[in-house]
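Participant: Take a look at this one; I'll ask things after.
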Amino acid sequence: MSSDRKPLVIGVTGMPGAGKDTVRDIVREYGYPVIVMGDEVRAEATRRGVKMTSENLGKIMLQIRAEEGPDAIAKRCIRKIRGLDVNVIVIDGLRSPHEVESFRREFPNFRVIAIHASPRTRFKRLLKRGRSDDPKDWETFCARDRRELSVGIGEVIAMADYMIINEGSIERLRREVKRVVERVIRDE
């Protein structure tokens, strides 16, 4: 990429369990690098010696934003993007309008893809996935959703440039992601 042209940055958002991890894996198959915003939170938890639970990671996420500003995690990711020589990069895990604004200031051709699935579908997926920070019961799931919504993820989803509904098979999601990513690149 030439030094005077900024990369096309594609942000992916969605509630926990909507399918962001699967989308991330699919775009990596196309050779696009992916920066995971949640990795910044997990790295901060490690630096602080905090156990990786959903509740603890949520607290760390909120603490980072309180200490460094509502777009703090986006700013950390922007620093990483600046070090890459690529034409297209994907950011996984947008959660707030502040983050979107920060990326758009830095990358004028920033686009947002929202992944949506119903709460029941997402809950079943998270139970099946079984990551250490995934909720183990419906009440914890709902509390996590409320925390995510309090940061502004609902606004990001509502204002996304592209929307993918993920209620079907992985094959269907794969086709839809390919279609949307190709459209984003073509429209750029």
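Participant: Can you tell me how many residues within region 49-91 are out of contact with any Leu (no Cβ under 9 Å at 6 or more places or on another chain) and under 26 Å from residue 137 (Cβ atoms)?
Facilitator: Selection size over region 49-91: 13.
Participant: Just to be sure I understand the filter: pairs with C-beta atoms under 9 Å, separated by 6 or more residues or on different chains, first member in region 100-120 and free of Cβ contacts under 8 Å to residues at least 40 places away in the same chain, second member assigned to a loop (DSSP other than H, G, I, E, B) and acidic (Asp, Glu). Which pairs pass?
Facilitator: 101/71; 102/71
Participant: Now a separate question. Name every residue in region 130-149 that is open to solvent by 50 Å² or more (accessible area, probe 1.4 Å) and of a type in the set (A, V, I, L, M), in order of residue number.
Facilitator: Within region 130-149, just 149 meets the criteria.
Participant: Then there's this: Taking only region 159-187 into account, find how many residues are exposed (fewer than 12 other Cβ atoms within 10 Å of the Cβ) and closer than 27 Å to residue 71 by Cα.
Facilitator: 1
Residues checked against (1) in contact with a helix residue (DSSP H, G or I) (Cβ under 6 Å, 6 or more places away or on another chain); (2) crowded, with 16+ Cβ neighbours inside 10 Å:
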| site | (1), (2) |
| --- | --- |
| 17 | yes, yes |
| 23 | yes, yes |
| 35 | yes, yes |
| 68 | no, no |
| 76 | yes, yes |
| 99 | yes, yes |
| 117 | no, yes |
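Participant: Would it be correct to say that residue 31 is in a loop (DSSP other than H, G, I, E, B) and either within 26 Å of residue 141 (Cα to Cα) or in contact with a Leu (Cβ under 8 Å, 6 or more places away or on another chain) (or both)?
Facilitator: no
Participant: When you look at residue 20, is it among the charged types (D, E, K, R) and within 14 Å of residue 112 (Cα to Cα), yes or no?
Facilitator: In short, yes.
Participant: Continuing with the same structure: It is to be established whether one or more residues within region 44-52 are assigned to a loop (DSSP other than H, G, I, E, B), among the charged types (D, E, K, R) and open to solvent by 20 Å² or more (accessible area, probe 1.4 Å).
Facilitator: yes
The values are calculated or read from the model by the stated rules, or taken from the named source; none is laboratory data. Since this is a predicted model, take the numbers as computed values, not measurements. When we count neighbours, we look across all protein chains shown, and the Cβ atoms used for this are built from the backbone with ideal geometry, even at glycine. Ligands, DNA and RNA are excluded from the accessible area calculation, which covers all protein heavy atoms including side chains. Shrake-Rupley method; radii C 1.70, N 1.55, O 1.52, S 1.80 Å.
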